[in-house]
Amino acid sequence: MEKLYKFLKYTFIILWTVFIVAPFLWAVSTSFKDFQSVNSKVTYIPWLDFEPTLEGWRVLVKSPARGGVDIVEPYFNSIFVTCTASLISIILGTLAAYALSRFTFKAGFVRNNDITFFFISQRIMPPIVLSIPFFIFLSTIGLLDSLLGLVVVYIVLLMPIAVWIMVDFFNRVPKELDETALIDGCNPYQAFYKVVLPNSIPGLIVAGMFCIIFGWIDFFFAFILTFTEVQLLPVKVVALNSSITPWWSLSASALISVAPLIIVAFVVERYLSKGNLSGALK
Amino acid sequence: MNLIGENLTYKPDNQFHLNNVSFDFKKGNLYTILGRTLSGKTTFLKTIAGLLNPDSGNLSFEGKEFSKIPVWERNVAMVYQQFINYPHLNVYENVIFPLKQRKLSEDKIKTDVDEALKTVGLVGFENRKIQELSGGQQQRVALARSLAKKAKILLLDEPLVNLDYKLREQLREEFKKIFSKGLSSDAILIYSTTDPQEVMELNGEVIVLDEGKVLQKGPAKEIFENPRNLKVAEISNDPPMNILKGIKSSEKLIFENISINIPPHFKNLEDQNYNFGIRASEIKLDDQGEEFEIELAEISGSETLLHLKKGDSKVIALIEEVMNFKIHEKVKIKFNENKFYAFNKEGELISSPYGDLNG
């Protein structure tokens, strides 16, 4: 019985791994093909099935003037916008979350939970609903088609995630920990950054990861709020697709698009299991 | 130059956490707050620490209005019933934290921390992480942090309640030693607990708290000998004092068809209805005694607690040996009549075996 269970378990794990990894391998393989190898017949293995070429990759770094599609600039634009917006969202979101977790707010019928819900409700609306207001807003303040404008919009989109995750996290940090810090001579600000914050690293990392993922993969707002001056990676990748679909350079650009997220996941993984608060409260 | 509270009241959500509490705590003394869970002990300590602001009343320390001073400038220390330490710091960094916060000189910090760690018996554990310590050790770290700080007011909120039985006994013994030698003459120590035995062992000034109200104040011995009313008698004894409704006539005490000779200290009582109180430890098994039915028998440590019933009266007897009883078995018990208390209908103490009611 136990053997059967083990067998089924590993079969499932292997199948699932294949399911996840196969598209990546397919993309890696495709990125080294040329028109001939993609369109003639199904090919899998370089050198055996087809002659590999670096053309799909070269196109990505060549300037448009020389027949390429330069994705280096959109790449760095995306990194800049995602990181800046995530960082600001995390800072503001963490402060807001701490306040919502520790202090009681009253304004008419509005209580802490309502404020938290207000933040989350920003994500409930379909993006299309937000697109026109955002467009008008950015054009009014003259930030349409600019990096700064995108950062502003992404903060609106990412901060609710940070607030949501961090409120939940802070609610699980015992209030007695803050109180002990106060008794030990910290003022409320010191209690926050000397005691609460160092113990919230796992929460910060999770929130940061979500912000980065959601910021990095956003296509819709990047598409609507930019034209020619500024382009972000997802828009540029999609724009590769013209009358003839260049599967090779699409594959290559898809691979370098997910690369940062994979790196982030590997770096972050070890922090996730480590952080527990068991020493604060039994 | 004392810690003085006057008519402190704290009543969030229409329920009294503190109800008109007044006290005058002198330096160099140990005060214990005895009360059941939710009686307002933690509120009491938090109010002194400054974590809560009472709705009304005054709190002053060393002649200064205390309520205007924020927590972080009050120079108090507190140990919680949960083991609260800074999980991101190791043992040494935990203990050093409040001292660093006060920007004391390096040398002074070092000696104070080493001394505190020695007092609580954690020398050699300096570089351990908090998560790697047992519950008892974690609580020692919290205590060391409070001691190293040399605060003028040291608050301990049920520090032993979350520990297992053995550790509790051991740490309680150590607390007694620490408090007797480690407490400087200009510090006030306030210790809250639900456990009457702890109160008796620590032997300080006791405040009995119930529903935010001070029921009785006085030395531990006084609380033990003359509990002012039924509530205090219940709170300050574990198991709670047995209360039996009965009548005193000219010759006998009568309850549940049991008649007992009138003890000498009851001689002057009027003949009427009373609530008679007797501690579980003053009831013995005796073949000549009265027959009761066993409802429950618990063995705790080297003692056996018998929950007994006769008619409408229930009593708990504490037998100082481990014995096996069957439920519904009949046993014969004898009351030590010399240790009877008498409370009137309102529940106030009328007569105590230790005499001297207003002492």
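The values are calculated or read from the model by the stated rules, or taken from the named source; none is laboratory data. Quick caveat: nothing in here was measured; it's all calculated off a predicted structure. We place every Cβ from the backbone using ideal geometry, glycine too, and count neighbours over all the protein chains shown.
Residues that are surrounded by fewer than 20 Cβ atoms within 10 Å (Cβ to Cβ) and facing chain B (nearest Cβ under 7 Å) within segment A:180-204 comprise A:Asn187, A:Pro198, listed in sequence order. A:Asn77 meets the stated requirement of being in contact (Cβ under 8 Å) with a residue 60 or more places away in the chain, within 21 Å of A:Leu255 (Cβ to Cβ) and among the polar types (S, T, N, Q).
Going through (1) under 21 Å from B:Leu230 (Cα atoms); (2) assigned to a strand (DSSP E or B); (3) at pLDDT below 90; (4) within 25 Å of the chain's Cα centre (by Cα) one by one, B:Pro353 falls short only on (2). I'm checking my understanding of the structure. Among residues of segment A:54-68 that are touching a helix residue (DSSP H, G or I) at 6+ places or on another chain (Cβ under 8 Å) and surrounded by fewer than 20 Cβ atoms within 10 Å (Cβ to Cβ), which one is farthest from A:Arg172 (Cα to Cα)? By that ranking, first place goes to A:Gly67.
Tallying residues that are under 22 Å from B:Thr194 (Cβ atoms), of a type outside the set (Ser, Thr, Tyr) and surrounded by fewer than 17 Cβ atoms within 10 Å (Cβ to Cβ) within segment B:21-50 yields 3.
Taking B:Asn162 as the residue in question, decide whether it is more than 10 Å from every other protein chain (Cβ to nearest Cβ) and either outside any helix (DSSP H, G or I) or under 22 Å from the mean Cα position of the chain (by Cα) (or both). So B:Asn162 does not fit the description; no.
Here is a check on your reading of the model: is B:Phe255 touching a Ser or Thr at 6+ places or on another chain (Cβ under 8 Å), within 20 Å of B:Ala342 (Cβ to Cβ) and at pLDDT 90 or above? It is false that B:Phe255 is touching a Ser or Thr at 6+ places or on another chain (Cβ under 8 Å), within 20 Å of B:Ala342 (Cβ to Cβ) and at pLDDT 90 or above. Taken residue by residue, segment B:146-157 has no member that is part of a strand (DSSP E or B), away from chain A (no Cβ under 14 Å) and either surrounded by fewer than 20 Cβ atoms within 10 Å (Cβ to Cβ) or touching a Ser or Thr at 6+ places or on another chain (Cβ under 7 Å) (or both). Listed conditions (1) in contact with a helix residue (DSSP H, G or I) (Cβ under 9 Å, 6 or more places away or on another chain); (2) at pLDDT 90 or above; (3) closer than 30 Å to B:Ser146 by Cα are all met by A:Tyr189, apart from (1). For A:Val167, the criteria (1) crowded, with 22+ Cβ neighbours inside 10 Å; (2) touching a Phe, Trp or Tyr at 6+ places or on another chain (Cβ under 7 Å) hold in every case but one, which is (2). Answer with yes or no whether A:Phe105 is assigned by TED's automatic domain parsing to the domain that holds A:Leu147, surrounded by fewer than 20 Cβ atoms within 10 Å (Cβ to Cβ) and outside any helix (DSSP H, G or I). It is true that A:Phe105 is assigned by TED's automatic domain parsing to the domain that holds A:Leu147, surrounded by fewer than 20 Cβ atoms within 10 Å (Cβ to Cβ) and outside any helix (DSSP H, G or I). Within segment B:106-140, restricting attention to residues that are hydrophobic (A, V, I, L, M, F, W, C) and under 18 Å from B:Leu163 (Cβ atoms), the residue that is nearest to the other protein chains (Cβ to nearest Cβ) is B:Ile130.
Per the listing A:Thr43, A:Thr17, the residue uniquely closer than 24 Å to A:Val258 by Cβ, without any contact (Cβ under 8 Å) to a residue 60 or more places away in the chain, outside any helix (DSSP H, G or I) and of a type in the set (Val, Ile, Thr) is A:Thr43. Checking each residue in segment B:256-311 for being more than 14 Å from B:Lys332 (Cα to Cα), part of a strand (DSSP E or B) and among the small types (Gly, Ala, Ser) picks out B:Ser259, B:Gly277, B:Ala297, B:Ser300. Within segment A:27-38, the residues that satisfy the criterion of being in contact with a helix residue (DSSP H, G or I) (Cβ under 9 Å, 6 or more places away or on another chain) and part of a helix (DSSP H, G or I) are A:Ala27, A:Val28, A:Ser29, A:Thr30, A:Ser31, A:Phe35, A:Ser37, A:Val38. You will find that of A:Ile91, A:Ile13, the residue that is more than 30 Å from A:Val163 (Cβ to Cβ) and of a type in the set (A, V, I, L, M, F, W, C) is A:Ile13 and no other.
Taking every residue in segment B:110-138 that is under 16 Å from B:Ile96 (Cβ atoms) and pairing it with any residue that is outside any loop (DSSP other than H, G, I, E, B) and among the small types (Gly, Ala, Ser), at least 6 positions away or on another chain, the pairs with Cβ-Cβ distances below 6 Å are B:Asp112/B:Ala148; B:Val113/B:Ala148; B:Ala116/B:Ala144; B:Ala116/B:Ala148; B:Leu117/B:Ala144; B:Thr119/B:Gly182; B:Val120/B:Ala144. Of the strands (runs of 3 or more DSSP E) lying entirely inside segment B:29-105, those containing at least 1 residues that are within 9 Å of chain A (Cβ to nearest Cβ) and among the β-branched types (Val, Ile, Thr) are B:76-79.
Would a scan of segment B:185-199 turn up a residue that is out of contact with any strand residue (DSSP E or B) (no Cβ under 9 Å at 6 or more places or on another chain) and in a loop (DSSP other than H, G, I, E, B)? Yes, some residue in segment B:185-199 is out of contact with any strand residue (DSSP E or B) (no Cβ under 9 Å at 6 or more places or on another chain) and in a loop (DSSP other than H, G, I, E, B). Determine whether segment A:239-261 contains at least one residue that is modelled with pLDDT under 90, closer than 26 Å to A:Ile128 by Cα and crowded, with 16+ Cβ neighbours inside 10 Å. Taking every residue of segment A:239-261 in turn, at least one turns out to be modelled with pLDDT under 90, closer than 26 Å to A:Ile128 by Cα and crowded, with 16+ Cβ neighbours inside 10 Å.
Would you confirm, using the coordinates I've provided, whether A:Ile217 is away from chain B (no Cβ under 13 Å), surrounded by fewer than 20 Cβ atoms within 10 Å (Cβ to Cβ) and closer than 22 Å to A:Thr116 by Cα? So A:Ile217 does not fit the description; no. Within segment A:48-64, being outside any loop (DSSP other than H, G, I, E, B) and touching a Gly at 6+ places or on another chain (Cβ under 6 Å) holds for one residue alone: A:Val59.
The residues of segment B:272-301 that are under 22 Å from the mean Cα position of the chain (by Cα) and either surrounded by fewer than 18 Cβ atoms within 10 Å (Cβ to Cβ) or among the aromatic types (Phe, Trp, Tyr) (or both), listed by number, are B:Ser281, B:Ser300, B:Gly301. Scanning segment A:144-179 for residues that are free of Cβ contacts under 8 Å to residues at least 40 places away in the same chain and within 14 Å of another protein chain (Cβ to nearest Cβ) yields one hit, A:Glu179.
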